[in-house]
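S.K.: Please read through the structure below; I'll follow up with questions.
The values are calculated or read from the model by the stated rules, or taken from the named source; none is laboratory data. Keep in mind that this is a model prediction, so the values were computed, not measured. Backbone-built Cβ (ideal geometry, glycine too); neighbour counts: all protein chains shown. Note: areas computed on protein heavy atoms with side chains; ligands, DNA, RNA excluded. Shrake-Rupley method; radii C 1.70, N 1.55, O 1.52, S 1.80 Å.
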2 protein chains.
Amino acid sequence: ELVALTCQAIENINTRVITSAEQKPLSGQKWLITAGPTREAIDPVRYISNHSSGKMGFAIASAAQSLGAEVTIISGPVNLTTPQNCQKIAVTSAVEMHQQALAHAPKSDVFVACAAVADYRIDHIASEKIKKSQDTMQLNLIKNPDIVADVAALESKPFTVGFAAETQDVEHYAKGKLARKKLDMIAANNVAEIGQGFNSDDNALTVFTANDEKVLPLMSKSELAKQLVQHIHHTFQSTRLKK
Amino acid sequence: ELVALTCQAIENINTRVITSAEQKPLSGQKWLITAGPTREAIDPVRYISNHSSGKMGFAIASAAQSLGAEVTIISGPVNLTTPQNCQKIAVTSAVEMHQQALAHAPKSDVFVACAAVADYRIDHIASEKIKKSQDTMQLNLIKNPDIVADVAALESKPFTVGFAAETQDVEHYAKGKLARKKLDMIAANNVAEIGQGFNSDDNALTVFTANDEKVLPLMSKSELAKQLVQHIHHTFQSTRLKK
């Protein structure tokens, strides 16, 4: 009976070890995730931004962390609690996010560019509040640095995943972005669809690599994030095996 | 002893009645308060906004309600709980806020324009997400309707209080705005000062009427709101007595 108990105990320990290793497949990996919108100042009180809530990026961070990864989130202004055991770096503008991403990407294994980065910023930010003396006004914008493309162009680049939030021709734009920016993967969604995308709690994605396509249908952002993280992980592993 | 107790009881009732009347000096008054920022769409995903949190407007609503007023808040996008027993009308753009304000102002006794309304909106909102094909971009803006000036110009105008959030020459701009827009009162603050204004929990105001000026020094927005509401009420009462 003592032997039986001992065997049972050893079996239990084995099961626990195996479960723990299976549940933490990302152990030892560093994931860098951008999230939320950026804000581009017009003057001290006004800015340009977008409808990103940061929910998707934070859900990906949480999923990667719970699977064992060491996670850093670079986030624009959001109203979200940072997931447990993730490090958050708060930024405001695209230029700030670019600086932080380029500083942290070389030491990361996976980079997920989930933030909705402003494509343009104001050419000259006014130091005082602009007075509305005119009936019309022109804002001159210049292009922001392309964060995900610059990370993908690094010599020691992490496995780089981009996002494409589109309102039309989603597949066409997403595949173009994947190739042009030399990404390893791109997750595309149609933000014009009801019940998904910005500020929604649900989302659906179609994930493209150069060779394949995977549809993750409409579900909660937390469940979607888990499935996306697992898909990224498997693709990343098979890429490493090929090398 | 019975008499003593009865007297005590009557005294208690009197005290309660007097206290209740004193604590609810705004009973029977309708207050309309705008709060928060507005968002002006550029395309389906991008917009222009400002750093207003809505805290000051919501604090004024709460203070007026607890002093007995029937309060309606017209609010842009904020992350705040609507104060108890206040009605909230949610809007996004300046044009929507203008419509709601003009619809509700004629039946209001006091109008407090605390929202940080965008002075300009995009001339032509793109129906699809604008692609970043160019290195530069120009946004053509046109002036938004002036909500507080249009309310102050109503034939049956409520007692109209404006706000001036400035980064320089605060008194000069505030007094100019008071006269030009025919306001009854204007509350001015310097948002460039550390620890006050947008998104801060504290604020300081200098309140001007055509004849006087009252300084409300740096304090919590909830305490400041109480003092401002009392100052508005007293000025409003003395205006009515003069008529």
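S.K.: Taking only Cα atoms, what is the 0 to 90° angle, nearest 10, from helix A:55-66's long axis to the longest principal axis of chain A?
M.R.: On a 0 to 90 degree scale, this one is about 30.
S.K.: Quick one: net charge around B:Ser93, please, counting Lys, Arg +1 and Asp, Glu -1 for every other residue with C-beta under 13 Å from its C-beta.
M.R.: Values: positive: B:Arg39, B:Arg121; negative: B:Glu40, B:Glu96, B:Asp119.
Local charge sum for B:Ser93: -1.
S.K.: Helix-derived [θ] at 222 nm for chain A: sum -39500 (n - 2.57) over DSSP H runs of at least 4, divide by residue count, nearest 500? Spell out each step's value before the answer.
M.R.: Details: 6 runs with 84 residues, N = 243.
My calculation for chain A gives -11000 deg cm²/dmol from helical runs alone.
S.K.: Same structure again: On average, how many beta carbons from a partner chain sit within 10 Å of the beta carbon of a residue in A:38-48?
M.R.: What the average comes to for A:38-48 is 5.
S.K.: Give, rounded to the nearest 20 debye, the magnitude of the charge dipole that segment A:24-86 has about its Cα centre when Lys and Arg contribute +1 at Cβ and Asp and Glu contribute -1 at Cβ. Mind dumping the intermediate values first?
M.R.: On the way: 5 positive and 3 negative charges, 27 e Å.
Here segment A:24-86 has a charge dipole of around 140 debye.
S.K.: How far, in nm to one decimal, is B:Ser127 from itself in the other copies if the label point is set 7 angstrom along Cα toward Cβ? Shortest first, please.
M.R.: In ascending order, 4.5 nm.
S.K.: Here's something else I'd like to know. Leaving out same-chain residues fewer than 8 places away, which lysines sit with a Cα under 18 Å from that of A:Lys221?
M.R.: A:Lys55
S.K.: Turning to a different aspect of this structure: Only Cα pairs under 8 Å and at least 6 apart count here; give the relative contact order of chain A as a rounded whole percent. Walk me through the numbers before you get to the answer.
M.R.: Details: 485 pairs, mean separation 42.3, N = 243.
Reported as a whole number, the value is 17 percent.
S.K.: Simple spin-label model, 7 Å along Cα-to-Cβ: B:Asp169 to A:Gln138 in nm?
M.R.: Taking the simple label geometry, B:Asp169 and A:Gln138 are separated by 2.5 nm.
S.K.: Given +1 on the Cβ of Lys and Arg, -1 on the Cβ of Asp and Glu, and no further charges, what dipole in debye does the protein assembly as shown carry about its Cα centre, rounded to the nearest 20? Write out the running numbers ahead of the final one.
M.R.: On the way: 50 positive and 50 negative charges, 81 e Å.
Here the size comes out at about 380 debye.
S.K.: A further question follows. For peptide A:136-147, what's the mean number of Cβ atoms from other chains within 10 Å of each residue's Cβ? Each step should come with its number before you reach the end.
M.R.: Working: counts 6, 8, 5, 9, 4, 7, 4, 6, 1, 0, 1, 0.
The per-residue average across the peptide is 4.
S.K.: Among the DSSP beta bridges whose two residues both lie in chain A, what percent are antiparallel, rounded to the nearest 5? Numbers along the way, then the final one.
M.R.: On the way: 14 of 38 bridges.
Given both bridge residues lie in chain A, the antiparallel proportion sits at roughly 35 percent.
S.K.: Based on Cα positions only, what radius of gyration and what Dmax would you give for the protein assembly as shown, in angstroms?
M.R.: Reported Rg and Dmax, both Å: 28.2, 100.
S.K.: Say a label goes 7 Å from Cα toward Cβ at A:Ser27 in every copy; what distances in nm does this one have to the rest, shortest first?
M.R.: Values, ascending and in nm: 7.0.
S.K.: Further, regarding this structure: By the scheme Lys and Arg +1, Asp and Glu -1, what is the net charge of all other residues having a beta-carbon under 9 Å from that of B:Leu26?
M.R.: Values: positive: B:Lys24; negative: B:Glu70, B:Asp109.
Its environment carries a net charge of -1.
S.K.: In segment A:50-64, whose amide N lies under 17 Å from the spot 7 Å out along Cα-to-Cβ of B:Ile125? List them in ranges.
M.R.: Backbone N within reach: A:50-52.
S.K.: Right, something else. If contacts are Cα pairs under 8 angstrom and at least 6 residues apart, what is the relative contact order of segment A:68-108 in percent?
M.R.: 39 percent
S.K.: For segment B:90-171, calculate the relative contact order in percent as a whole number, restricting contacts to Cα pairs under 8 Å that are 6 or more residues apart. Present the calculation step by step, with values, prior to reporting the outcome.
M.R.: Details: 76 pairs, mean separation 34.7, N = 82.
The normalised contact order for segment B:90-171 reaches 42 percent.
S.K.: Follow-up question, since we're still on this one. Chains B and A: buried accessible surface, both sides, probe 1.4 Å, rounded to 100 Å²? Don't jump to the answer; show the numbers that get you there.
M.R.: Details: alone 13780 and 13760 Å², together 23820 Å².
Looking at B and A, the buried total is near 3700 Å².
S.K.: Would you mind checking the pairs B:Lys30/B:Lys242; A:Lys143/A:Lys214; A:Lys143/B:Lys177; B:Lys107/B:Lys226; A:Lys107/A:Lys182 and listing those with alpha carbons more than 28 angstrom apart? Show your work: numbers first, answer last.
M.R.: Values: B:Lys30/B:Lys242 20 Å; A:Lys143/A:Lys214 32 Å; A:Lys143/B:Lys177 36 Å; B:Lys107/B:Lys226 23 Å; A:Lys107/A:Lys182 19 Å.
From the list (B:Lys30/B:Lys242; A:Lys143/A:Lys214; A:Lys143/B:Lys177; B:Lys107/B:Lys226; A:Lys107/A:Lys182), the Cα-Cα distance tops 28 Å for A:Lys143/A:Lys214; A:Lys143/B:Lys177.
S.K.: Can I ask one more? Hey, for B:Ala103 with labels 7 Å out along Cα-Cβ, what do the inter-copy distances come to in nm, ordered shortest first?
M.R.: 4.8
S.K.: About its Cα centre, what dipole magnitude does chain A give when the only charges are +1 on Lys and Arg Cβ and -1 on Asp and Glu Cβ, stated in debye to the nearest 20? Walk me through the numbers on the way to the answer.
M.R.: Values: 25 positive and 25 negative charges, 98 e Å.
Result for chain A is approximately 460 debye, rounded to the nearest 20.
S.K.: Then there's this: Starting from the Cα gyration tensor of chain B, take the square roots of the eigenvalues, sort them a ≥ b ≥ c, and report rounded, prolate or oblate (rounded when a/c is under 1.5, otherwise prolate if a/b is larger than b/c, else oblate).
M.R.: Values: a/c = 2.21, a/b = 1.99, b/c = 1.11.
Verdict is prolate for chain B.
S.K.: How large, in percent, is the carbon and sulfur part of the accessible surface of segment A:38-92 at a probe radius of 1.4 Å? Walk me through the numbers before you get to the answer.
M.R.: Details: 780 of 1900 Å².
About 41 percent, which is the carbon plus sulfur part of the accessible surface.
S.K.: Under 14 Å from the Cβ of B:Tyr47, count the other residues' Cβ atoms, weight Lys and Arg +1, Asp and Glu -1, and hand me the total.
M.R.: Working: positive: A:Arg39, A:Arg46, B:Arg39, B:Arg46, B:Arg121, B:Lys129; negative: A:Glu40, A:Asp119, B:Glu40, B:Asp43, B:Glu96.
Combined, the nearby Lys, Arg, Asp and Glu give +1.
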